[in-house]
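Peer 1: My questions will all concern the structure given below.
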């Protein structure tokens, strides 16, 4: 094994216990289901295009709407689409 | 293993450990860090709201949470990682997704069908090349999250390449039986391939601490 690799391995071996110890004390993040439903937007809030995963930038070009599937009539077209930026 | 890759793997492992330790010592797991200070997790909301976009190197990611038939019961949420502009200006292609448990430990990498993100679908070879350049840089509280994600991609480079190639093989097999548009828009098919992640074990193995 090369010296640089041995050094990197030794450093990793030394750092790892600190991570495992610190991580064991981390409180779990609040889950989506644990939190109360999102408050309804106020009348003055800008309306989203009906796609909860659509671009968050209100000036983004409108996303092309895709046909909704029969088995999921309320599903967004692309639930995991990134923001257009 | 090529020496370049070996050095990169050590550096990636060191980055993953350093970032996660620093956050954990501040009482924060990666899931909480990904939510960038938000105290509540709203289903399907992007964290951060406008994603992290590094235009300089075409990397983009965000974190969110929602249910799915294939979702592990202990999943808190997942990152979606994208490469931008590979197929023309304003295009984006999904590289992979990484799910976390509530403590912020990674659970699985997975690849999604085209309709899930509305991506520009590219073959695995191009995405694997793009993975090597996934280095999102940002400022503020998401900077360590971006650094950690880039390191995770490098740490699991071989597994991600295999995952993407398997995605293409599975899709090619299905394309023999149905039109491409039908397949890419098939709402019954969201996650195409997935692979479990055991980060502590991977790090222990690299550190030479794994039990034999």
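Peer 1: Would you confirm whether any residue within the range B:32-49 is touching a strand residue (DSSP E or B) at 6+ places or on another chain (Cβ under 8 Å), facing chain A (nearest Cβ under 9 Å) and touching a residue at least 60 places away in the same chain (Cβ under 8 Å)?
Peer 2: yes
Peer 1: Something else now. Got a sec? Which of B:163, B:127, B:149 is modelled with pLDDT of 95 or more, more than 12 Å from every other protein chain (Cβ to nearest Cβ) and closer than 16 Å to residue B:46 by Cβ?
Peer 2: After applying the criteria, what remains is B:149.
Peer 1: When the range B:33-50 is examined, which residues are found to be under 14 Å from residue A:29 (Cβ atoms) and either crowded, with 23+ Cβ neighbours inside 10 Å or at pLDDT 95 or above (or both)?
Peer 2: B:33, B:34, B:35, B:41, B:47
Peer 1: How many residues are part of a strand (DSSP E or B) and more than 14 Å from the chain's Cα centre (by Cα) if we restrict to the range B:77-100?
Peer 2: 4
Peer 1: A further question on this structure: Does residue B:103 satisfy the criteria of being more than 12 Å from the chain's Cα centre (by Cα), within 12 Å of chain A (Cβ to nearest Cβ), farther than 16 Å from residue B:62 by Cα and not in a strand (DSSP E or B)?
Peer 2: Yes.
Peer 1: Could you grab me the full set of residues in the range B:51-78 that are surrounded by fewer than 16 Cβ atoms within 10 Å (Cβ to Cβ), at pLDDT 90 or above and at the interface with chain A (Cβ under 9 Å from one of its Cβ atoms)?
Peer 2: Across the range B:51-78, the qualifying residue is only B:55.
Peer 1: Please report, ordered by residue number, the helices (runs of 4 or more DSSP H) entirely within the range B:129-212 with at least 2 residues that are in contact with a strand residue (DSSP E or B) (Cβ under 7 Å, 6 or more places away or on another chain).
Peer 2: Helices (runs of 4 or more DSSP H) meeting the threshold: B:143-155, B:157-175.
Peer 1: If residue B:169 satisfies all but one of (1) within 14 Å of chain A (Cβ to nearest Cβ); (2) farther than 24 Å from residue B:62 by Cα; (3) out of contact with any helix residue (DSSP H, G or I) (no Cβ under 6 Å at 6 or more places or on another chain), what's the number of the condition it fails?
Peer 2: Every listed condition holds for residue B:169 apart from (1).
The values are calculated or read from the model by the stated rules, or taken from the named source; none is laboratory data. Just so we're clear, the structure is a prediction, and the values are computed from it rather than from any experiment. Please note: Cβ atoms are built from the backbone with ideal geometry, for glycine as well, and neighbour counts cover all protein chains shown.
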